[in-house]
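Structure first, commentary second.
Please treat every number below as a calculation from the coordinates, not as lab data. Computed from a predicted model, the values in this text were never measured in an experiment. Neighbour counts are summed over all protein chains in view; Cβ atoms, including those assigned to glycine, are modelled from backbone coordinates with ideal geometry.
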Amino acid sequence: MARTISSAPAQCERSGPVSGRYEGESTASPVAGQERALDLRIDIDSRYANSAVLNRISGDMYQVQRIRIPGQPARTWRVYQESWVVHDPQVTWGDCHVEITGQAEYWRGIHPPITVRVRIPWRTSELVGPAAVTLSQNGGQAWGFVCGRVGDWFREMNLEVDVCQSVNSASLLPAYDTHAHADRPADTPRRVLTVQECYREAGVRMTIRADRTVIDDMDPAFKTWSAIELHDAMETHFSEFRGPWPNWEMWGLLAGTYDSPGVGGIMFDAAAAYGGAGRGPDRQGFAVFRNHDWFKKLPAGVPADQAEAEALRKYLYTWVHEAGHAFNFLHSWDKNRPDALSWMNYDWKYDANHTVGSFWKNFRMRFDDEELIHLRHGDRPAVMMGGDPWASGGHAEGPAAAEHMHTPPGAMAELEGHPPLELLLRSKGYFEFMEPVHIELRLRNLLPNIPLTLDTRMGPEYGGTTVYIRRPDGRVVEYDPILCLIALTETQTLAPTPADGLPQGQDRTSQSVFLSYGKYGFYFDAPGEYLVRAVYRGAGDVLIPSNLLRVRVGTPQSKAEDRLAQDFFSYQVGMALYLGGSLSPFLKTGMDLIRGLVDGIKEKDSLLKTQLSTVLATAVSEPFHRVQKGKVTKVSEADPEEALKLTEPAVVTLRKEKSKDLNLAYRDLVEQRVENFIVLGNTTEAKKELTTLQKDLKAQGANLNILDEIKAAHDAL
Amino acid sequence: MATLNIDLQEGFTKDEIRIEVNGREVYHNSCATTQLLVGLADSARVPVPDGPTTIKIAVPSRGLSRTEAIQATGDTYLGISIDGRGLQTHTSGTPFGYA
C-alpha cells in the first residue's frame with residue numbers, strides 16, 4: 001500500500017527511481033562491539049523498462065569483522081548471516097523522501113517480530129539516498145544502517161560462457177529483436193533482448209566474462225554429452241570452479257548434442273535423481289545444445305524470415321531458461337503453475353492447455369511474478385549458485401515437507417573480504433564404506449607481518465569450531481559432538497605469512513577431527529558425496545568460514561559387508577570409535593565387532609582396516625579403570641605389545657599410500673607407536689620409526705617445521 | 001512407413017510401462033522415472049505403417065491403461081504423462097523438445 005503526502009517542491013525533484021540495491025554498514029547496534037553489514041533491495045517503484053514492481057523490500061545481513069594493524073589499513077571481512085523480506089510494506093511518499101515500513105520475515109530460523117523502517121531521501125540533481133534503515137524488536141533496541149544506492153538492480157553476478165569447437169560459429173549468444181516474429185502480444189515493446197538484458201529486466205545485473213575457452217570436442221568417436229561429462233568439462237574449464245562457493249558465478253557451455261537428443265539445454269548441475277550430474281554443490285553451470293532441431297535455422301545475424309526468427313527466439317529462451325534453473329527455478333508446472341507465461345514454462349506444454357501457438361502470442365518475455373520474488377528477494381543461499389541444492393525449496397524457499405532440506409544457520413556462512421586467518425579443511429577424497437572419517441582442520445595466519453595468538457583447539461567439542469555436513473540426499477546437518485568440553489584456552493602463536501622463498505610452516509597449525517559419529521548418530525553412513533564446511537570462532541572474537549571440502553563414501557564391497565553395516569552403524573560401535581577405542585564392558589559389543597571386521601578384511605592395503613586397528617590399539621595402549629564398589633579400580637593393564645602388533649599393518653599401509661592427505665594420520669599413528677615402544681624400553685625401534693616418518697614426510701613435501709619437530713622427538717629419545 | 005516418436009514425460013516414478021502398436025508390443029520399460037530437470041523419462045522411436053494406428057499404453061504399476069487411435073504419417077510425436085487424472089497423451093506433428 002502506498003500514500004503520497006504532497007507534491008514535490010522544486011528542491012526535491014527526484015532524478016530517478018528509488019528502487020534498486022543499497023549497501024551499507026551498521027551505525028547502531030543492540031550488541032556492543034558487534035558490527036553488521038546490510039545488502040538492501042528496495043522494490044517499490046519502476047526502476048527499469050519492462051520490469052514489474054513487486055512492492056517488496058529485502059535484505060541480506062552480514063557480520064563484519066575487522067582487525068586493525070598499526071601502520072596498515074584495517075583488514076575487513078564479512079560473513080553472511082541471514083536474509084529477510086518484507087512483503088507488501090507500508091510505503092509513504094513525501095516531498096523529499098519515502099518511508100517504507102513492515103514486518104521482516106526471515107527465511108530460516110526462529111526470530112522475534114522485527115520491524116523494518118527505511119527512509120530514503122532525495123534532492124534535486126543529486127543521487128537518491130542514502131537509505132537510513134532500522135531493524136527493531138517491538139520498538140526496542142535496534143540495528144541501524146546507512147546504505148548507499150548501488151544501482152537499479154537487485155543482484156549482481158557473472159556468467160562465463162565457453163564453447164565447443166564443433167559449434168563455434170557466429171551467433172554464440174542470442175540477440176533477439178522482440179518484433180522479429182509475428183507471434184507476440186500486440187503491445188510488446190520493441191527492444192533487443194540478450195541473456196543479460198532479460199536478466200536485467202528481471203532485476204539481475206549479469207556480466208558475461210570476456211574470456212572464452214574453446215573446448216575441443218572434435219574426436220570423431222565423441223557424439224553426445226552426458227550430465228557427468230558436462231560437469232567434468234565445467235570442473236576443467238570454468239575459471240571460477242576452484243573458487244569459494246556459493247558464489248555469484250555461473251558457467252554456460254554451448255555444446256553439440258545431449259545424450260537425449262530431444263534436450264535443447266540442461267542445467268546439469270543437480271542431484272543424479274533429477275537427471276543431473278550428482279556432484280554438489282549444485283547450480284554452478286548449464287549447457288545449451290546448438291545441434292538441437294530447435295536451432296537448425298538459427299541465423300548468423302538478423303533473421304531473414306519467420307523460421308529464423310523462431311529459431312533465434314527459442315535460442316534466447318533456452319539460454320535464459322537454463323540460467324533460470326541455476327538460480328534455482330523449477331519448471332512452471334512443477335510449481336503448480338502450468339499456465340504461467342514464463343521463461344520457465346514449455347511452449348508446447350502451455351499450448352496443450354490452451355491453443356496451438358498461444359504461448360508465444362501471449363508471452364511477454366519475462367519470468368512470472370513469483371519467480372521474480374525469488375530472484376530479487378529470495379533467501380540468498382537458495383538463489384546463489386552453489387548454495388542450496390537445486391529444487392530444495394527451489395523458488396518457494398519453504399515448501400511444505402521440505403523442512404528436512406533446510407540448511408542450519410551458519411552453514412552458508414561464506415566469506416567476503418580480507419580475513420587475517422584461513423581455515424582450510426582437507427582429507428583424502430574417498431573413504432571406504434564404514435571407514436571412520438577424519439578431517440584435517442588447518443588454521444593459517446594470512447598476515448604478512450603480524451604473528452597471531454589463537455585458541456587452536458579445533459575439535460567441535462570445545463565450541464570454537466562448528467562443522468556442517470551436506471549429506472548425499474541434500475540435507476545439511478550440523479555435526480554435534482557427544483562431549484562438550486570446558487577447558488582452559490590453549491593458545492598458540494602463528495608466525496606471520498613468510499615471504500616468497502622462505503620456509504613455510506610456522507604460520508599454520510593442523511588438527512585431525514573425527515566426524516563419523518556424534519550426538520545424533522553416524523554422519524557418513526550412506527554411500528555418496530558429502531560436502532563439509534567448518535566455521536572457526538576461536539575464543540569468540542573472529543568468524544572464519546572454511547573452504548567447502550568434498551568427500552565421497554564408497555559402497556559396500558560385498559553382500560556380507562552390506563549386511564554388516566546394520567550392526568556397524570550402532571551406538572556401541574559409534575561410541576567406541578568416538579572415544580578412539582574403549583575397554584568398557586558397555587561397549588564390548590562394538591569393540592568385538594570392530595575386531596571382527598579387522599580380522600575379516602583380507603586386503604592388506606585397506607584403509608578401513610588401518611583405521612579400525614588403530615582404534616583397537618588405542619584401547620589397549622593405556623590401562624583401563626572402572627568404578628567398582630564405589631572405588632576406582634584398574635581392571636586391565638596397558639598392553640603396548642598388543643598395540644604395536646595391531647598397528648604394524650596400519651603403519652605399513654599408511655607408508656605405502658604416500659598421500660599428503662594422510663600425512664597427519666600417519667604421523668599420529670607413528671607417535672602412538674613411539675609411546676608404546678618407549679613403554680617397552682625399545683628406543684631403537686622408536687627412533688627407527690621416527691626416522692622413517694621424517695623421511696617419508698619429507699618426500700611428501702611436508703614443511704620444515706614439521707620435520708624439525710619429528711627430528712627433535714627423535715633426538716630426545 | 002511412418003515413425004512414432006514416443007516420449008515418456010511427466011509423472012513417472014520407477015514405473016513399468018508397456019506400449020503396443022496395432023497389437024504388437026513395441027516398447028517396454030520396467031523402471032521409468034521422470035527426470036525433474038527436463039521433464040522427460042525416456043524416448044523411443046518406433047516404425048509404424050502409415051494410416052490408422054492403434055496405440056495401447058499400460059502402466060501396470062499404477063493400474064493405468066489407455067488406448068489411442070491416430071493417423072500415422074511421417075514423423076508423429078506422442079507424449080505420455082501421468083497426472084492426478086491418470087494417463088495422459090499428447091500428439092504433435094513436431095518434436096516436443098526439453099530444456
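One Cα centroid belongs to region A:557-636, the other to region B:45-73; the line between them spans 60 Å. Shown for chain A: cysteine residues without a partner Cβ closer than 4.7 Å, namely A:CYS147, A:CYS164, A:CYS198, A:CYS484. Using θ = phi - 60° in the Karplus curve 6.51 cos²θ - 1.76 cosθ + 1.60, the 3J(HN,Hα) couplings for region A:545-551 round to x, 8, 5, 9, 9, 9, 9 Hz; x is entered for Gly and Pro.
Between A:ALA210 and A:VAL627, the C-beta separation translates, for a Förster distance of 60 Å, into a calculated FRET efficiency of about 0.25. For the pair A:ALA10 and A:GLN63 in one chain, pulling the backbone fully straight at 0.36 nm per residue adds 15.0 nm over the alpha carbon distance. Using the alpha-carbon atoms, what tilt in degrees (0 to 90, nearest 10) does helix A:607-621 show relative to the longest principal axis of chain A? The angle comes out near 50 degrees. Geometric descriptor of region A:539-679, per residue, is 179 Å³ (volume of the convex hull of the Cα atoms). Once you have a ≥ b ≥ c as the square roots of the Cα gyration tensor eigenvalues for region A:274-318, tell me rounded if a/c is under 1.5, and otherwise prolate or oblate according to whether a/b is larger than b/c. In terms of gyration-tensor shape, prolate.
What does a probe at A:ALA272 reach in region A:226-253, counting residues whose amide N is under 16 Å from the point 7 Å along Cα→Cβ? In region A:226-253, the label zone of A:ALA272 (backbone N under 16 Å from the point 7 Å along Cα→Cβ) covers A:226-232.
With coordinates expressed along the principal axes, the C-alpha atoms belonging to region B:2-92 extend over 33, 26, 22 Å, beginning with the largest. With each label modelled as a point 7 angstrom along the Cα→C-beta vector, the A:HIS111-A:CYS484 pair spans 2.6 nm. Structure note, pairs A:LYS297/A:LYS361; A:LYS428/A:LYS658; A:LYS602/A:LYS634; A:LYS519/A:LYS629; A:LYS656/A:LYS687: Cα-Cα distances above 23 angstrom occur for A:LYS602/A:LYS634; A:LYS519/A:LYS629.
Projected over every direction and averaged, the convex hull enclosing the alpha-carbon atoms of region A:486-602 yields 11.5 nm². Each stretch of four or more DSSP H residues adds -39500 (n - 2.57); spread over every residue of the protein assembly as shown, this sum gives -6500 deg cm²/dmol at 222 nm.
Relative contact order of chain A: 9 percent, from C-alpha pairs under 8 Å at least 6 residues apart in sequence.
In region A:15-163, the C-alpha radius of gyration followed by the widest Cα-Cα span (Dmax) gives 16.6, 56 angstrom.
Helix A:227-237 and the long axis of chain A differ in direction by around 90°, with both axes built from C-alpha atoms. How big, in percent, is the set of alpha carbon pairs in region A:1-92 lying more than 18 Å apart? When all Cα pairs of region A:1-92 are counted, 61 percent exceed 18 Å. Which one of A:SER342, A:PHE241, A:VAL214 is farthest out on the positive end of the charge dipole of the protein assembly as shown, using unit charges on Cβ (Lys, Arg +1; Asp, Glu -1) and the Cα centre as origin? Checking the options against the dipole of the protein assembly as shown, the answer is A:PHE241. In summary, the convex hull built on the alpha carbon positions of region A:290-350 has an orientation-averaged projected area of 4.6 nm².
Under the classification rounded if a/c is under 1.5, otherwise prolate if a/b is larger than b/c and oblate if not, where does region A:143-206 fall, given a ≥ b ≥ c as square roots of the Cα gyration tensor eigenvalues? Cα axes put region A:143-206 in the oblate bin. 3J(HN,Hα) along region A:174-187: x, 9, 10, 6, 5, 9, 5, 10, 6, 7, 6, x, 4, 9 Hz, from the Karplus curve 6.51 cos²θ - 1.76 cosθ + 1.60 with θ = phi - 60°, whole Hz, x for Gly and Pro. Evaluated over the Cα positions of region A:59-122, the convex hull gives a direction-averaged projected area, one quarter of its surface, of 6.7 nm².
The modelled label-to-label distance for the pair B:THR33/A:ALA28, using points 7 Å beyond Cα in the direction of Cβ, is 5.5 nm.
Given Cα positions, please report Rg to Rh for region A:202-285, the hydrodynamic radius being the Kirkwood one.
Details: Rg = 13.4 Å, Rh = 14.0 Å.
Reported Rg/Rh, Kirkwood definition of Rh: 0.96.
As a proxy for reagent exposure, A:PHE222, A:PHE522, A:PHE329 were ordered by neighbouring Cβ count within 10 angstrom, fewest first; the result is A:PHE222, A:PHE522, A:PHE329.
Between A:ARG191 and A:ASN449, the FRET efficiency estimated from the beta carbon spacing at R0 = 60 angstrom works out to 0.65. Calculated FRET efficiency, A:THR493 to A:GLN90, Cβ-Cβ distance, R0 = 51 Å: about 0.40 to the nearest 0.05. Once the Cα atoms are used to define both axes, helix A:640-657 deviates from the longest principal axis of chain A by about 40 degrees.
Placing a label point 7 Å from the Cα of A:VAL356 along the Cα-to-Cβ direction, the residues of region B:74-88 whose backbone N falls under 16 Å of that point are B:74-79. First check a/c for the protein assembly as shown, with a ≥ b ≥ c the square roots of the eigenvalues of its C-alpha gyration tensor; if it is under 1.5, answer rounded, and if not, answer prolate when a/b is larger than b/c or oblate otherwise. Note, shape of the protein assembly as shown comes out oblate. The modelled label-to-label distance between A:THR683 and A:ALA304, using points 7 Å beyond Cα along the C-beta direction, is 9.2 nm. Could you pull out which residues in region A:530-570 have an amide N less than 19 Å from a spot 7 Å beyond the Cα of A:SER659, following the Cα-Cβ vector? A:530-533, A:548-558, by backbone N distance to the label point.
For chain A, a crude dipole built from +1 on the beta carbon of Lys and Arg and -1 on the beta carbon of Asp and Glu, taken about the Cα centre, is about 800 debye to the nearest 20.
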